[in-house]
1. Please give the peptides 104-115, 83-94, 205-216 ranked by average Cβ packing (other Cβ atoms within 10 Å per residue), highest first, as a rough proxy for protection.
2. What translational diffusion coefficient, to the nearest whole µm²/s, does region 112-230 have by Stokes-Einstein, given a Kirkwood radius computed over alpha-carbon pairs, a temperature of 10 °C and 1.306 mPa s viscosity?
3. Quick check: residue separation of A230 and T156 times 0.36 nm, minus the Cα distance between them. What number comes out in nm?
4. Net charge near E232, counting Lys/Arg +1 and Asp/Glu -1 over other residues with Cβ under 14 Å of its Cβ?
5. Suppose R0 equals 35 Å; then what is the FRET efficiency for A25 and E71 from their Cβ-Cβ distance, rounded to the nearest 0.05?
6. Using a simple spin-label model with points 7 Å from Cα along the Cα→Cβ vector, what separation in nm is obtained for T143 and H210?
7. Projecting each Cα onto the charge dipole of the chain (Lys/Arg +1, Asp/Glu -1 at the beta carbon, about the Cα centre), which of P235, A33, L59 comes out farthest on the positive side?
8. Using helices alone, I'd like the mean residue ellipticity at 222 nm for the chain: each DSSP H run of four-plus residues gives -39500 (n - 2.57), total over residue count, nearest 500.
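Any read-out appearing in this document is the output of simple, stated calculations on the displayed coordinates, not a laboratory observation. Worth saying up front: this structure is predicted, and the values here are computed from it rather than measured. FYI the Cβ positions are ideal-geometry reconstructions off the backbone, even for glycines, and counts take in every protein chain you see.
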Amino acid sequence: MTVHFIGAGPGAVDLLTIRARDLVAASPVCLYAGSLVPPEMLELCPPGARTVDTALMTLAEIVDEMVRAHEHGLDVARLASGDPSVFSAMAEQMRRLDAAGVPYDVTPGVPAYAAAAATLKRELTVPTVAQTVTLTRIAARATPMPDGESLEALGTAGGTLVLHLAVHRIDEVVKELAPSYGADCPAAVVAYASREHEIVLRGRLDDIAHAVHEAGIRRTAVIIVGPALAAEHFPDSHLYSDTRCRAGS
């Protein structure tokens, strides 16, 4: 028996990896966050599968479900939105499974920021404009940020900044980033990336908050800030340059 931590991607079922699809189809128990994982994804579960919405469950209750399945020899598909390596609370679940002697593995998924960038039709790393992507969030009511990882501090590094779990505090985000990025810095918000009811907002730091409030976006959204969002005049990368290709021939 194995607990399979599976990246469910940004929401579109056809963005699941083949491995993820097959694991869900073979697992008689599926744990998922109903607030993040669309119900149509559960149609992949085998007939008679036990499906458990973990949205309102405590960590202890979630782990108890996994341990109980282990005791009955049942594989578990533990769906995490996006990719489980980022903001999935996977680490704390693994720590408890290690203590309980329950085996597990991890299947990556399409992260929300990648789906958002695809929707925007933008590369987040553009030659001479931005070569660094920072994935972060804000503290708000969640676990405090580590020392040195405040939004204001991260903003001074430049590059492309991607914020998860922060759209409900968009005014605070703008206030903390404007001094380092500038009020006219390109910004975008993509809610429900890849889904039929996807919402896309494009603007600048000085007007993106207003657009978010007008659209009524409060959750399931990614904020992206940085000059790469509007870059037009930049050199071609060295990867496919004549100089590199001729040197390698």
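1. Details: 104-115: 20.8, 83-94: 17.6, 205-216: 16.0.
Taking the mean over residues of other Cβ atoms within 10 Å, the ranking is 104-115, 83-94, 205-216.
2. On the way: Rh = 14.1 Å.
For the chosen part, D equals 113 µm²/s.
3. Between A230 and T156, full extension yields 24.7 nm more.
4. Numbers: positive: K121, R122; negative: E123, D236.
Overall, the nearby charge balance is 0.
5. Numbers: r = 23 Å, r/R0 = 0.65.
So the FRET efficiency works out to roughly 0.95.
6. 3.8
7. Value: P235.
8. Numbers: 8 runs with 74 residues, N = 249.
Using -39500 (n - 2.57) per qualifying helix, the result is -8500 deg cm²/dmol.
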